[in-house]
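One structure is given below, encoded as structure tokens.
The values are calculated or read from the model by the stated rules, or taken from the named source; none is laboratory data. Please read all numbers here as calculations on a predicted model, not as lab measurements. A quick note on method: Cβ atoms are made from the backbone with ideal geometry, for glycine too, and the neighbour counts reach across all protein chains shown. With ligands, DNA and RNA removed, areas are computed over all heavy atoms of the protein, side chains included. Shrake-Rupley method; radii C 1.70, N 1.55, O 1.52, S 1.80 Å.
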Amino acid sequence: MLISAAVCPHPPLLVPDVAGGAAAELDPLRAACDRAVAELVAAGADEIVVIGAGERNRVHGADAGGSLAGYGVPMPVGPAPAVLPLSLTIGRWLAERGGAAPSSYVEVAHDARPEECLVRGAELAASVPRLAVLAVGDGSARRTTTSPGRVDDRAIGFDTSVAAALADADVEALSALDPRLAEDLMAAGRAAWQTLAGAADGAGLSGRLLAHEAPYGVGYFVASWG
């Protein structure tokens with residue numbers, strides 16, 4: 001059963017070594033992530049699992065690692081070889097920074113259907129008596145002229161609805177996210193959020209939104225559920 005969850009974004013710039021001289025710009029976001037992870041650890045779950053989007057559905061063990069070498073810093077995150085996608089690499093970095101020791105890293109295919117995500121989350125929650133989840137994913141990357149993608153007028157509205165759902169631990173709203181719209185808007189977190197929704201269904205958790213920012217034209221959310 002899911003007893004606690006944290007939601008964080010996964011920009012490589014969260015890692016100060018990658019951000020370099022710009023590291024201070026994300027200090028508030030980093031602090032919010034630290035708070036969410038600290039609350040997750042304090043919940044006293046039997047297991048902590050990290051969920052993030054990748055190329056395909058698979059589960060990585062506790063000893064799986066990633067790397068930030070593709071972002072200008074030859075920095076391993078966990079042991080070699082580097083098998084974790086970016087979402088789970090940042091998830092592992094955030095977890096370890098907060099003193100957590102995840103039991104596994106759940107990679108969800110970025111194009112997984114909502115029904116698949118919900119079922120997978122429900123199965124995950126049913127497999128552990130007291131489960132905590134760190135779900136890692138970004139919002140739209142098409143918000144402004146500084147965004148990685150071309151501006152889409154639907155992006156800010158989409159991100160606002162996600163922020164509201166995360167603030168209220170609204171499982172139904174997250175479950176109803178349109179995968180095509182999320183893909184159009186380059187919202188990388190959709191599959192992870194819907195897997196979290198599957199795990200949280202029936203758990204009766206309440207939510208708090210700790211951050212909703214877009215410093216580089218990408219929506220970043222931090223939330224704590226418990």
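Ignoring everything except DSSP H segments at least 4 long, calculate the 222 nm mean residue ellipticity for the chain; use -39,500 (n - 2.57) per segment, divide by total residues, nearest 500.
So the helix-based figure for the chain works out to -10500 deg cm²/dmol.
With springs only between Cα atoms under 10 Å, which of D138, D17, D159 fluctuates most in a Gaussian network model of the chain?
D17
Any idea which of L2, A69, G99 is furthest toward the positive side of the dipole for segment 1-123, if Lys and Arg beta-carbons carry +1 and Asp and Glu beta-carbons -1?
A69
Solvent-accessible area per residue for segment 92-136 at a 1.4 Å probe radius, Å²?
About 41 Å² of surface per residue is accessible.
Compute the FRET efficiency between E213 and D184 as 1/(1 + (r/R0)^6), taking r as their Cβ-Cβ distance and R0 = 25 Å, and round to the nearest 0.05. Working shown, then result.
Working: r = 22 Å, r/R0 = 0.87.
Computed FRET efficiency for E213 and D184: 0.70.
Under 15 Å from the Cβ of V49, count the other residues' Cβ atoms, weight Lys and Arg +1, Asp and Glu -1, and hand me the total. Intermediate values should be presented prior to the final figure.
Details: positive: R58, R92, R120, R130; negative: D46, E47, D63, E96, E107, E123.
Residues near V49 contribute -2 overall.
Please identify, among A200, A22, A211, the residue showing maximal mean-square fluctuation in a Gaussian network model of the chain using a 10 angstrom Cα cutoff.
It is A22.
Give me the extension gain from T160 to E115: residue separation times 0.36 nm, minus the current Cα-Cα distance, reported in nm with one decimal.
That pair, T160 and E115, stretches by 13.9 nm at full extension.
How high is the FRET efficiency between A176 and M1 when r is their beta carbon distance and R₀ equals 22 Å, given to the nearest 0.05?
0.45
Scan around L134 for amide H atoms under 5 Å from its own, H built in the peptide plane at 1.01 Å from N, and keep only partners 5 or more places away or cross-chain.
A6, V49, V50, I51
In whole angstrom, how far apart do the alpha carbon centroids of segment 99-134 and segment 15-35 sit?
If you average the Cα positions of each part, the centres end up 26 Å apart.
Can you give me the relative contact order of segment 2-84 as a percent, contacts being Cα pairs under 8 Å and 6 or more apart?
Averaging sequence separation for qualifying contacts and normalising by length gives 24 percent for segment 2-84.
Name the residues whose placed amide hydrogens come within less than 5 Å of the amide hydrogen of L177, ignoring near sequence neighbours (fewer than 5 apart) on the same chain.
none
Ignoring ligands, DNA and RNA, what percent of the accessible area of segment 1-157 is carbon or sulfur (1.4 Å)?
It is 56 percent, rounded to a whole number.
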